[in-house]
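The values are calculated or read from the model by the stated rules, or taken from the named source; none is laboratory data. As the structure is a prediction and not an experimental result, all values here were calculated from the model. Don't worry about glycine lacking a Cβ; one is built from the backbone with ideal geometry, like all the others, and counts go over all protein chains shown.
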Amino acid sequence: MAKTIAIIPARYASTRFPGKPLAILGEKPVIQRVYEQVMDVLDEAYVATDDERILQAVKAFGGNAVMTSPHHKSGTDRIQEAATLIGTNADIIINVQGDEPFIQKSQLLTVKALFEDAQTQIATLGKPFESIEAAENPNSPKIVTDVNGYALYFSRSVIPFIRGKEKSEWLSSFPFLKHIGLYAYRREVLEEITKLPQSPLEIAESLEQLRWLQNGYRIKVGITDIETVGIDTPEDLVRAEHQLRLISSNN
């Protein structure tokens, strides 16, 4: 069985919410909640950070952490450096965002299972949109896949265009798929893709995964019905507190 680990990139600097990995959510730092969710599924996880405060906070709750460069342009680059510093022999590395405290066991298992297909080089998740208005949001990238579940394209535009139908009918005509930004990579593929220069499609849409597609890598897409609750702003943290209370009251 392929060895799988998670690496969680966590930066202190954030334009909209500085220090968010250390923000307290239900009496624990956000980064601790992410780490504990991952450890429910995997045997090994590391936080990759560029800040001593986050490093010490992770060590304080008994987690693994590694200090990485502050100059990375993407989370993928930080993941690659962390994997090198750790010296891991894992076959699969899952990139779990450090601001996703409600990442679900089922989502991690879905991504992990995609590598049972030997042709899977990179894996990610998609979730059916619940309204065409949500699909029109450019901050929610869309995915189109082939018949085998491999990504053909990601776009901030609504794709595909449904010809001959009113927009109110589009959602019932095609399963529009929202991209959920959980990634996993084969170890050697992660090393390769971080050496690639930015591609024209990536620059046009500001979507890093288009660099990989444009260079011929295959991204397999698993389906989830769970909406992630990421924390980008202080207002998101308030919503996350409400979500946590709902979960606690239902348990």
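Annotations for the structure displayed:
- Cβ-Cβ contacts under 6 Å between residues 6 or more apart (or on different chains), taken from a first residue in the range 213-228 that is in contact (Cβ under 8 Å) with a residue 12 or more places away in the chain to a second residue that is of a type in the set (Gly, Ala, Ser) and surrounded by fewer than 18 Cβ atoms within 10 Å (Cβ to Cβ), are listed as Gln214/Ser199; Lys220/Gly149; Val221/Gly149.
- Scanning the range 78-109 for residues that are acidic (Asp, Glu) and either out of contact with any strand residue (DSSP E or B) (no Cβ under 9 Å at 6 or more places or on another chain) or within 16 Å of Val34 (Cα to Cα) (or both) yields a total of 2.
- Enumeration of residues in the range 138-155 that are in a loop (DSSP other than H, G, I, E, B) and surrounded by 17 or more Cβ atoms within 10 Å (Cβ to Cβ): Pro141
- Residue list for the range 24-62, filter: within 17 Å of Tyr12 (Cβ to Cβ), within 20 Å of the chain's Cα centre (by Cα) and part of a loop (DSSP other than H, G, I, E, B): Asp50
- For the range 189-208, a residue qualifies if it is touching a residue at least 24 places away in the same chain (Cβ under 8 Å) and either part of a strand (DSSP E or B) or within 16 Å of Arg78 (Cβ to Cβ) (or both), and the qualifying residues are Leu190, Glu191, Ile193, Thr194, Glu208.
- Test: residue in the range 148-169 that is farther than 27 Å from Gln243 by Cα, in contact with a strand residue (DSSP E or B) (Cβ under 7 Å, 6 or more places away or on another chain) and among the acidic types (Asp, Glu): no
- Just one of the numbered conditions (1) within 15 Å of Leu152 (Cα to Cα); (2) of a type outside the set (A, V, I, L, M, F, W, C); (3) modelled with pLDDT under 95 is not true of Gly216: (3).
Condition check ((1) over 16 Å from the mean Cα position of the chain (by Cα); (2) in a loop (DSSP other than H, G, I, E, B)) across all residues:
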site	(1), (2)
Ala82	yes, no
Ala90	yes, yes
Gly98	no, yes
Leu108	no, no
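- Scanning the range 112-123 for any residue that is under 26 Å from Val34 (Cα atoms), of a type in the set (Gly, Ala, Ser), in a helix (DSSP H, G or I) and modelled with pLDDT of 95 or more turns up at least one such residue.
Yes or no, residue by residue, for (1) under 22 Å from Pro18 (Cβ atoms); (2) crowded, with 20+ Cβ neighbours inside 10 Å; (3) in contact (Cβ under 8 Å) with a residue 40 or more places away in the chain; (4) not aliphatic (A, V, I, L, M):
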| site | (1), (2), (3), (4) |
| --- | --- |
| Asp40 | no, no, yes, yes |
| Val47 | yes, yes, yes, no |
| Gln80 | no, yes, yes, yes |
| Ala83 | no, yes, yes, no |
| Thr88 | no, no, yes, yes |
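- Of all residue pairs spaced 6 or more apart or on separate chains, those with beta-carbon atoms under 7 Å, a first member in the range 163-188 that is on the phi < 0 side of the Ramachandran plot and surrounded by fewer than 20 Cβ atoms within 10 Å (Cβ to Cβ) and a second member that is of a type in the set (A, V, I, L, M) and part of a loop (DSSP other than H, G, I, E, B) are Trp170/Ile162; Ser173/Ile162; Phe174/Ile162; Arg187/Ala90.
- Any hit, the range 67-74, residues being surrounded by fewer than 22 Cβ atoms within 10 Å (Cβ to Cβ), in a helix (DSSP H, G or I) and hydroxyl-bearing (Ser, Thr, Tyr): no
- Across the range 12-38, the qualifying residues are those that are surrounded by 15 or more Cβ atoms within 10 Å (Cβ to Cβ) and of a type in the set (Ser, Thr, Tyr), and the one among them that is modelled with the lowest pLDDT is Tyr12.
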